[in-house]
């Protein structure tokens with residue numbers, strides 16, 4: 001990626017770099033445990049930073065993630081998810097206390113072997129800026145074995161020291177340090193060729209970027225290839241060729257993928273009615289969306305919301 005292209009991409013992504021983290025939980029868990037998290041969309045992302053030990057993150061319809069010490073996980077769309085220990089079985093009760101506005105969570109009667117810093121990230125582009133939808137389901141950065149990521153480790157250590165010190169204003173300082181972590185995380189992710197998904201690849205080309213942004217702003221529109229070519233200021237043949245180059249598929253196929261991805265994000269990250277989601281992302285009916293979700297993810301739309309989890313169990 002050229003320097004000019006990198007600059008163009010970062011300028012386009014500036015709204016995503018304006019964010020405010022809220023540190024909510026310091027978790028020190030041991031033994032068998034699980035911590036469900038409710039969906040939290042509408043501009044809020046969720047994050048987990050593993051300070052010590054390891055854990056598993058499970059999300060409906062997606063593969064489980066294993067996180068180890070030094071890993072930073074960002075869920076840009078606020079998906080419902082469960083963080084749990086590697087061990088199977090029923091989790092022990094979680095005990096919570098509140099200090100300086102941050103919950104301290106632990107497992108009754110267990111020595112801690114895993115330590116997590118958890119919270120939410122507010123994107124200032126909370127009016128559903130179209131670029132927010134371009135982010136993937138998760139962004140993970142591994143800091144443990146990467147010499148170039150020493151700056152992340154220093155910031156994480158400073159965050160932990162502030163919270164452990166329990167001094168006045170510690171939560172404010174820790175949140176500012178966390179903001180630096182996530183700005184660098186997103187900046188590095190957005191400019192790394194190897195991390196680019198289809199949507200971000202298309203956003204790096206000015207011709208296709210016009211079309212992708214127009215799609216994201218109005219997924220419900222009954223788009224035609226002629227309309228897309230007009231937006232792109234290119235011929236139909238050029239548009240198809242450029243889409244195939246960057247995304248490996250034609251524009252209409254990409255639109256179908258985008259609609260399905262947006263529907264999954266809304267289902268896992270909000271409590272909006274399924275019928276409304278279907279209409280907003282361009283499906284003719286709730287049934288049409290249900291069939292598409294079942295074909296892609298192997299479950300009905302309701303299963304993407306962790307409906308089996310009781311509200312009283314959820315961390316918010």
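Averaging Cα coordinates gives a centre for region 53-115 and one for region 282-304; these two points are 29 Å apart.
Approximating the spin labels as points 7 Å out from Cα along Cα→Cβ, the residue 250-to-residue 144 distance works out to 4.6 nm. Gain on full extension, evaluated as 0.36 nm per residue between residue 87 and residue 64 minus their Cα-Cα distance, stands at 6.9 nm.
Place a point 7 Å from Cα of residue 122 in the direction of its Cβ. Which residues in region 149-176 have their backbone N less than 15 Å from it? Within reach of a label on residue 122, which here means backbone N under 15 Å from a point 7 Å along Cα→Cβ, region 149-176 contributes 172, 175-176.
In nm, what is the difference between 0.36 nm times the number of residues separating residue 154 and residue 226 and their Cα-Cα distance?
Full-extension gain reported as 20.8 nm.
Remark: the residue 303-residue 56 segment gains 87.0 nm on full extension, using 0.36 nm per residue and subtracting the alpha carbon distance. In this label model, residue 99 and residue 20 are separated by 2.6 nm, measuring between points 7 Å along each Cα→Cβ vector.
Every number in this text was worked out from the coordinates using simple rules, so none of it is lab data. Computed from a predicted structure; not experimentally measured. Using ideal geometry, Cβ is built from the backbone for each residue, glycine included, and neighbour counts are taken over all protein chains shown.
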